[in-house]
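**Student:** Okay, handing you the structure first.
The values are calculated or read from the model by the stated rules, or taken from the named source; none is laboratory data. These numbers come from a predicted model, not from an experiment. All Cβ positions, glycine included, derive from the backbone under ideal geometry; neighbour counts span all protein chains shown. SASA here: full protein model, heavy atoms, side chains in, ligands and nucleic acids out. Shrake-Rupley method; radii C 1.70, N 1.55, O 1.52, S 1.80 Å.
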Amino acid sequence: MIAAREEARRLREEQQDLENNKEHHPLDEAMEIVNLEMQRKENPSMNWVSRHKREDGSTTTNYYAKRRKRFHRQRDLMGGSSRVPSLFQLCINLLVENFDCIESLGVVDHSIRRALCETLVARGKMNGAAFDVLAEMGVETLELVDCAQVTQDQFCDSLRVLLPSGLRAILLKHCGRCFGSQAVNVIASIDRENMELFAISLGGAYLLKDSDMAALIESTSRTLSSLDLTACPLLSEQFCNAIGNQYSSSIEDPPNAPLLELSIEDVPLTKEVMLSLGAASDALRNLKSLKLKTMENVDDEVVSIILGSITGGEIEGIDLSNNPSLTDETLSSIRRCNFNGNLRALLLSGLKNLTAIGIEAFFTPIPNFPAPPILRKLDLSQCSYDEINDTVLTLAATSSSFKRASANAIEEETVLHNAGKLASEVSYTGGLVHLNVSGSSISDKSMEILAATSSYSLEELDISFCPNVSDKGLGYLVSKVKPQLSKIFMWGCAQITEEFLDGHDRIEDGGLEIIGVWMKKSGVRSLR
Amino acid sequence: MEDDNDQTYVKLISAEGTELFLERRIALQVDTMRAMLEGNFRESEESVIRFPDISGSALEKVVKYLHYKDRHSNSATRIPEFAIDPEEALELLVAASYLNC
């Protein structure tokens with residue numbers, strides 16, 4: 001240990017010698033001031049001054065006390081004490097406590113049924129009888145957050161009653177036990193004329209076989225427009241063939257409903273099967289929303305074929321998160337299928353192979369290629385840290401704020417580096433609404449660009465784990481963006497201090513919720 | 001109690017026609033009522049809100065709840081329980097869902 005200390009002292013003395021020997025020029029200090037001024041002009045965020053007055057020589061740096069004060073202040077501003085439960089919650093709790101006594105709910109809104117279901121599941125009171133009450137005849141939407149307690153027989157009995165009386169949507173999570181061959185047979189046995197099922201969403205249907213799924217699609221395709229499957233391990237070829245056959249435009253009598261939403265997550269489809277999904281027929285031509293998440297066999301070729309078959313040009317949302325093999329090629333497929341410019345939401349979280357160059361090219365106008373998309377929701381979180389940088393965000397934000405017609409190339413150098421000039425060129429109706437760039441290397445420069453392009457539109461911003469964003473940048477952003485900004489997520493941003501948290505411009509109005517900075521009080525005991 | 005010129009109270013009319021009075025500042029804490037009172041509706045001029053879907057007893061219970069909430073918000077002491085009869089719970093739930101309170 002003594003050796004380490006000697007070593008440190010030696011290094012320190014070397015450092016000091018180095019500093020003392022630097023050559024001095026009389027104009028050094030003046031040059032420094034000039035440089036600083038130039039920087040301040042270019043980066044308006046450096047001039048932001050926090051409202052927080054720092055007490056000189058503050059006596060306690062009791063962080064817990066400070067956090068608690070902040071938490072109370074935000075809670076009080078955002079609608080008073082949350083200690084008084086809402087009337088809605090009180091009634092739900094009472095009903096759930098006595099759910100055994102309830103025979104029938106009558107004509108109640110779906111949101112009430114869903115709230116009851118969630119509370120039943122949370123309290124562990126969901127069972128067969130409760131399910132019967134929730135799934136009464138005449139219900140239009142059957143939404144169960146957790147079907148683990150419902151048996152297959154019971155579920156089928158309810159289906160037999162609900163389907164002919166106008167059930168329009170089935171939304172089930174953890175439905176492995178209750179959704180299998182029997183349920184599909186019940187659905188298939190319903191007369192096609194009486195079928196009004198418009199949306200099916202199944203999570204965790206581990207008993208659902210491939211052939212069953214195909215049968216399900218065949219029997220509901222007359223009206224089914226939205227399909228959402230998560231964690232269904234047995235699905236494969238027959239399922240994709242069924243989609244291809246049932247929704248292709250060659251079926252005319254009677255015409256089937258157009259498939260508008262397709263969402264597949266964590267289903268082990270092979271590459272050939274997915275290629276056939278896109279190539280076999282034009283089933284996906286009317287798609288408005290496509291989600292292919294967490295599937296290891298989705299690669300650039302698959303995405304290109306599938307997106308290529310969306311010939312209707314109506315696509316509004318694309319989500320390709322967490323598919324590890326995707327690269328920049330995907331971006332060009334996305335650009336190509338967006339030839340009508342309807343794309344509004346793009347979620348590419350967790351794609352580690354995307355590069356800065358690829359994304360920059362994605363947002364740059366290129367002759368003979370469809371224009372860059374005008375996005376409202378962009379998610380580039382958890383991509384490679386270095387690749388998501390200021391330039392990428394600048395291009396994304398500027399292209400989202402242009403009006404439709406002007407897809408002209410902008411003079412990149414001058415406009416991009418001068419946030420002030422940029423503000424005068426963009427329209428007030430555009431701009432990003434939801435932005436998630438957590439885990440990236442963006443800095444205060446991006447905050448300035450966002451303030452310039454999206455100040456009338458930005459509502460939610462996620463900059464968790466971005467170490468290069470400082471108090472000044474954030475403070476500047478909050479001061480420039482209009483009050484529709486309601487949430488900022490900043491988990492893991494230890495560099496943000498009370499200069500921003502206690503001194504940003506919207507401390508008083510309470511409309512801005514900052515999430516991820518302080519611990520909430522748990523239970524009755526205070527934080528110590 | 002009723003002071004139309006000052007407009008410190010608003011009148012709530014239930015489905016059966018029974019009338020209840022509620023302090024204006026408490027009514028403004030409820031999103032739905034605030035929207036009705038602050039917009040360009042007839043309700044805002046007359047300070048009267050009609051609830052044709054909510055029965056008299058349910059509306060009375062809602063007003064009781066609003067007083068309870070107003071009394072105990074920002075209070076540091078232990079908050080007493082608000083008792084609800086099981087028979088009226090379902091109707092009250094529908095009313096609470098409509099009023100968003």
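**Student:** Please determine whether any residue of the range A:104-111 is within 11 Å of chain B (Cβ to nearest Cβ), closer than 21 Å to residue B:63 by Cα and not acidic (Asp, Glu).
**Tutor:** No: zero hits.
**Student:** Any residue in the range B:55-73 that is without any contact (Cβ under 8 Å) to a residue 40 or more places away in the chain sitting within a Cβ distance under 8 Å of a residue that is basic (Lys, Arg)? List the pairs, counting only those 6 or more apart or interchain.
**Tutor:** Correct list of pairs: B:72/A:83; B:73/A:83.
**Student:** Restricting to the range B:35-52, count the residues that are under 15 Å from residue B:101 (Cβ atoms) and either open to solvent by 90 Å² or more (accessible area, probe 1.4 Å) or in contact with a strand residue (DSSP E or B) (Cβ under 9 Å, 6 or more places away or on another chain) (or both).
**Tutor:** 4
**Student:** So, one more: Take the range B:64-74 and flag every residue that is in a helix (DSSP H, G or I) and either surrounded by fewer than 16 Cβ atoms within 10 Å (Cβ to Cβ) or facing chain A (nearest Cβ under 8 Å) (or both).
**Tutor:** Within the range B:64-74, B:64, B:65, B:67, B:68, B:69, B:70, B:71, B:72 meet the criteria.
**Student:** Please give the helices (runs of 4 or more DSSP H) falling wholly within the range A:313-402 in which 1 or more residues are open to solvent by 50 Å² or more (accessible area, probe 1.4 Å) and of a type in the set (A, V, I, L, M).
**Tutor:** Because the criterion is at least 1 residues that are open to solvent by 50 Å² or more (accessible area, probe 1.4 Å) and of a type in the set (A, V, I, L, M), the helices (runs of 4 or more DSSP H) in the range A:313-402 that meet it are A:356-362.
**Student:** Test residue B:98 against the stated conditions and say whether it is assigned to a helix (DSSP H, G or I), at the interface with chain A (Cβ under 10 Å from one of its Cβ atoms) and open to solvent by 60 Å² or more (accessible area, probe 1.4 Å).
**Tutor:** Yes: the conditions hold for residue B:98.
**Student:** Looking at (1) small (Gly, Ala, Ser); (2) over 30 Å from residue A:91 (Cα atoms); (3) in contact with a Gly (Cβ under 6 Å, 6 or more places away or on another chain), find the lone condition where residue A:165 falls short.
**Tutor:** (2)
**Student:** Within the range A:103-131, track down each residue that is open to solvent by 20 Å² or more (accessible area, probe 1.4 Å) and not in a helix (DSSP H, G or I).
**Tutor:** A:103, A:104, A:106, A:107, A:108, A:109, A:124, A:125, A:127
**Student:** Same structure, new question: Are any residues in the range B:75-89 more than 7 Å from chain A (Cβ to nearest Cβ) and part of a helix (DSSP H, G or I), and if so, which ones?
**Tutor:** If the condition is that a residue be more than 7 Å from chain A (Cβ to nearest Cβ) and part of a helix (DSSP H, G or I), then B:87, B:88 are the ones that fit.
**Student:** I'd like the residue in the range A:272-304 that is open to solvent by 60 Å² or more (accessible area, probe 1.4 Å) and over 23 Å from the mean Cα position of the chain (by Cα) and, out of all such residues, is modelled with the lowest pLDDT.
**Tutor:** A:280
**Student:** Turning to a different aspect of this structure: Return the only residue of A:387, A:316, A:329 being farther than 24 Å from residue A:440 by Cβ and of a type in the set (Asp, Glu).
**Tutor:** On inspection, the qualifying residue turns out to be A:316.
**Student:** Considering only the range B:40-54, I want to know if a residue exists there that is touching a helix residue (DSSP H, G or I) at 6+ places or on another chain (Cβ under 8 Å), under 30 Å from residue A:96 (Cα atoms) and within 14 Å of another protein chain (Cβ to nearest Cβ).
**Tutor:** Within the range B:40-54, one or more residues are touching a helix residue (DSSP H, G or I) at 6+ places or on another chain (Cβ under 8 Å), under 30 Å from residue A:96 (Cα atoms) and within 14 Å of another protein chain (Cβ to nearest Cβ).
**Student:** Answer yes or no: is there a residue in the range B:79-95 that is touching a strand residue (DSSP E or B) at 6+ places or on another chain (Cβ under 9 Å) and loosely packed, with under 15 Cβ neighbours inside 10 Å.
**Tutor:** Among the residues of the range B:79-95, not one is touching a strand residue (DSSP E or B) at 6+ places or on another chain (Cβ under 9 Å) and loosely packed, with under 15 Cβ neighbours inside 10 Å, which makes the answer no.
**Student:** Among (1) under 18 Å from residue A:263 (Cβ atoms); (2) open to solvent by 50 Å² or more (accessible area, probe 1.4 Å), where does residue A:307 come up short?
**Tutor:** Against the list (1) under 18 Å from residue A:263 (Cβ atoms); (2) open to solvent by 50 Å² or more (accessible area, probe 1.4 Å), residue A:307 comes up short only on (2).
**Student:** Right, here's the next one. Here are A:435, A:501, A:474: which of them is touching a Lys or Arg at 6+ places or on another chain (Cβ under 9 Å), at pLDDT 90 or above and open to solvent by less than 20 Å² (accessible area, probe 1.4 Å)?
**Tutor:** A:435
**Student:** Could I ask something else about it? List every residue pair whose Cβ atoms sit under 9 Å apart, with the two residues 6 or more apart in sequence or on different chains, where the first one lies in the range A:24-43 and is under 25 Å from residue A:444 (Cβ atoms) and the second, anywhere, is part of a loop (DSSP other than H, G, I, E, B).
**Tutor:** Close Cβ pairs (under 9 Å, with a partner that is part of a loop (DSSP other than H, G, I, E, B)) amount to A:31/A:25; A:42/A:418.
**Student:** Quick one: residue A:202 ticks every box in (1) surrounded by 18 or more Cβ atoms within 10 Å (Cβ to Cβ); (2) of a type outside the set (Ser, Thr, Tyr); (3) assigned to a helix (DSSP H, G or I) except a single one, so which number is it?
**Tutor:** Condition not satisfied by residue A:202: (3).
**Student:** Now for a separate question. Would you mind telling me which numbered condition in (1) within 13 Å of the chain's Cα centre (by Cα); (2) acidic (Asp, Glu); (3) under 15 Å from residue B:11 (Cα atoms) residue B:46 fails?
**Tutor:** Condition not satisfied by residue B:46: (1).
**Student:** Could we say that residue B:57 is of a type in the set (S, T, N, Q) and facing another protein chain (nearest Cβ under 10 Å) here?
**Tutor:** It is false that residue B:57 is of a type in the set (S, T, N, Q) and facing another protein chain (nearest Cβ under 10 Å).
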